[in-house]
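Peer 1: The structure follows.
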Amino acid sequence: MSAAPLFERPPHCPNERCPSRGEPTACWRWVRAGCFRRLAAPHRIQRFRCDHCGRHFSEQTFRTSYWLKRPELLAPLFHDLVGCSGFRQIARKHAASPQTVALHAARLGRHAQLFHETLRPKGEIREPLCLDGLQSFEFSQYHPTLYHVVVGQRSHYCYGFTHSELRRSGRMTTRQKRRRAELEREFGRPDPRSVEREVARLLAVVAPTPQALELHTDEHTDYPRALRRLAHLQVTHRTLSSRSARTSRNPLFAVNLLDLLVRHSGANHKRETIAFSKRRQSALSRLWVFVVWRSYVKWFSERRGRETPAMRAAVCAQRWSVERILAQRLFPWTVTLPACWRDAYWGLTPTRRIRQLRAHRARYAV
Ligand SMILES: [Zn+2]
């Protein structure tokens with residue numbers, strides 16, 4: 001992290017309940033309130049006090065490394081999370097514990113969510129979209145997860161994703177079928193309407209305003225039902241068999257490529273791996289980091305460079321570096337997340353086999 005001062009004047013009061021929240025920044029009054037020294041660089045930190053609510057805060061309050069013992073790990077871990085390593089491998093590389101990596105991954109995931117929400121287009125979408133489901137699992141192969149992803153057909157920009165729990169299907173031995181029945185008796189069965197509901201929620205978030213949309217998908221039977229739930233959209237739905245050759249001429253190439261890159265970049269989504277996600281919540285954090293990296297950092301073409309998917313989708317004019325993405329902390333009360341993404345932010349995504357939720361209940365470090 002940079003040791004340079006973050007700002008000339010603090011941008012806003014960090015207190016969620018401060019009466020100055022609704023006022024223009026120019027009217028907000030604050031005073032300098034000394035400084036403190038700390039072990040990690042930058043060593044001298046300026047403190048402030050809000051004149052409206054009296055809350056003390058510092059320059060550090062506005063850094064993404066707020067309250068971290070090893071702030072220097074945040075940017076390298078962002079790269080490592082999309083560098084196809086398991087948490088323990090990453091931890092060994094940085095002489096940290098796997099819990100430290102998990103904690104940083106969760107923070108990076110939350111930051112990535114807010115970052116994407118501030119930049120993603122909320123109006124008319126000017127390109128055809130591709131939608132597909134990426135299958136993985138949490139805890140064990142008895143608990144498959146389907147990640148529904150929407151990608152721009154021309155830009156390859158990832159507009160967002162939601163997820164559904166699935167019932168284990170496919171070829172199973174008699175013993176495996178018996179085990180599935182036992183688990184379903186004890187932990188319940190996933191909602192069979194989840195795919196339809198989550199795809200509808202995703203498209204409603206990606207295209208919140210009335211508009212015409214061209215959507216390319218495979219022949220999944222839940223998609224037409226999901227589209228019927230979206231009265232505000234005029235969708236031209238084009239389907240293609242999932243058995244079609246997955247070349248660059250395939251209309252679903254953008255989302256097929258994203259699927260490949262997710263498995264290439266994230267150790268937890270590889271087949272036959274021991275680095276699979278034990279909790280879906282953790283997989284969501286990693287996937288949000290991946291979405292931001294893929295859309296804003298990675299070049300559209302590694303060979304030619306020149307532009308990122310976000311630049312092609314006219315979301316921004318230049319490539320974002322990881323350091324720039326992490327330059328300033330974002331607050332969940334200044335960026336409003338859509339309802340379907342809020343549970344992932346607050347750590348409320350359940351895993352059937354693990355009763356205890358690791359909800360994110362920090363009072364200040366949110
Ligand atoms: Zn205040």
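The values are calculated or read from the model by the stated rules, or taken from the named source; none is laboratory data. All figures in this text were calculated on a predicted structure; none of them were measured in a lab. Every residue, glycine as well, gets a Cβ built from its backbone with ideal geometry; the counts of neighbours run over all protein chains shown. Surface areas here come from the heavy atoms of the whole protein model, side chains and all, with no ligands, DNA or RNA. Shrake-Rupley method; radii C 1.70, N 1.55, O 1.52, S 1.80 Å.
Peer 1: So, in the stretch 248-266, of the ones that are crowded, with 22+ Cβ neighbours inside 10 Å and within 19 Å of the chain's Cα centre (by Cα), which residue ends up farthest from Thr217 (Cα to Cα)? Walk me through it before giving the result.
Peer 2: Kept after step one, since they are crowded, with 22+ Cβ neighbours inside 10 Å, are these residues of the stretch 248-266: 252, 254-255, 258, 262, 266.
Filter once more, so that each one left must be within 19 Å of the chain's Cα centre (by Cα): 254-255, 258, 262, 266.
Values: Ala254: 11, Val255: 9, Leu258: 14, Val262: 18, Gly266: 24 Å.
Result: Gly266.
Results for (1) more than 16 Å from the ligand (Cβ to nearest atom); (2) surrounded by fewer than 21 Cβ atoms within 10 Å (Cβ to Cβ), shown as yes or no for each residue.
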| site | (1), (2) |
| --- | --- |
| Phe36 | yes, yes |
| His56 | no, yes |
| Arg63 | yes, no |
| Gly83 | yes, yes |
| Gln99 | yes, yes |
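Peer 1: I need a count of the residues in the stretch 356-366 that are touching a Gly at 6+ places or on another chain (Cβ under 8 Å) and open to solvent by less than 80 Å² (accessible area, probe 1.4 Å).
Peer 2: Summing the residues that are touching a Gly at 6+ places or on another chain (Cβ under 8 Å) and open to solvent by less than 80 Å² (accessible area, probe 1.4 Å) in the stretch 356-366 gives 3.
Peer 1: Which of (1) open to solvent by less than 70 Å² (accessible area, probe 1.4 Å); (2) within 16 Å of the ligand (Cβ to nearest atom); (3) farther than 28 Å from Val322 by Cβ; (4) among the hydrophobic types (A, V, I, L, M, F, W, C) is the odd one out, the single condition Ala26 does not satisfy?
Peer 2: That leaves (1) as the condition not met.
Peer 1: Then there's this: Is there a residue in the stretch 67-77 that is exposed (fewer than 14 other Cβ atoms within 10 Å of the Cβ), within 16 Å of the ligand (Cβ to nearest atom), not in a loop (DSSP other than H, G, I, E, B) and not hydroxyl-bearing (Ser, Thr, Tyr)?
Peer 2: Looking through the stretch 67-77, none of the residues is exposed (fewer than 14 other Cβ atoms within 10 Å of the Cβ), within 16 Å of the ligand (Cβ to nearest atom), not in a loop (DSSP other than H, G, I, E, B) and not hydroxyl-bearing (Ser, Thr, Tyr).
Peer 1: Considering only the stretch 293-355, give the helices (runs of 4 or more DSSP H) lying wholly within it that have at least 1 residues that are in contact with a Gly (Cβ under 9 Å, 6 or more places away or on another chain) and in the same structural domain as Leu203 (by TED's automatic domain parsing).
Peer 2: The qualifying helices (runs of 4 or more DSSP H) are 309-312, 339-345.
Peer 1: Let me ask something else about it. Residue under question is His94, and the condition is that it be under 30 Å from Lys270 (Cβ atoms), more than 16 Å from the ligand (Cβ to nearest atom) and assigned by TED's automatic domain parsing to the domain that holds Leu258; does it hold?
Peer 2: no
Peer 1: Moving on. Somewhere in the stretch 5-15, is a residue open to solvent by less than 80 Å² (accessible area, probe 1.4 Å), near the ligand (Cβ under 8 Å from one of its atoms), touching a strand residue (DSSP E or B) at 6+ places or on another chain (Cβ under 6 Å) and not hydroxyl-bearing (Ser, Thr, Tyr)?
Peer 2: yes
Peer 1: Something else about it: If you scan the stretch 38-54, which residues turn out to be surrounded by fewer than 18 Cβ atoms within 10 Å (Cβ to Cβ) and within 16 Å of the ligand (Cβ to nearest atom)?
Peer 2: Within the stretch 38-54, Arg47, Arg49, Asp51, His52, Cys53, Gly54 qualify.
Peer 1: Of the numbered conditions (1) touching a strand residue (DSSP E or B) at 6+ places or on another chain (Cβ under 6 Å); (2) without any contact (Cβ under 8 Å) to a residue 40 or more places away in the chain, Gly54 fails exactly one; give the number of that condition.
Peer 2: In the conditions (1) touching a strand residue (DSSP E or B) at 6+ places or on another chain (Cβ under 6 Å); (2) without any contact (Cβ under 8 Å) to a residue 40 or more places away in the chain, Gly54 misses (1) alone.
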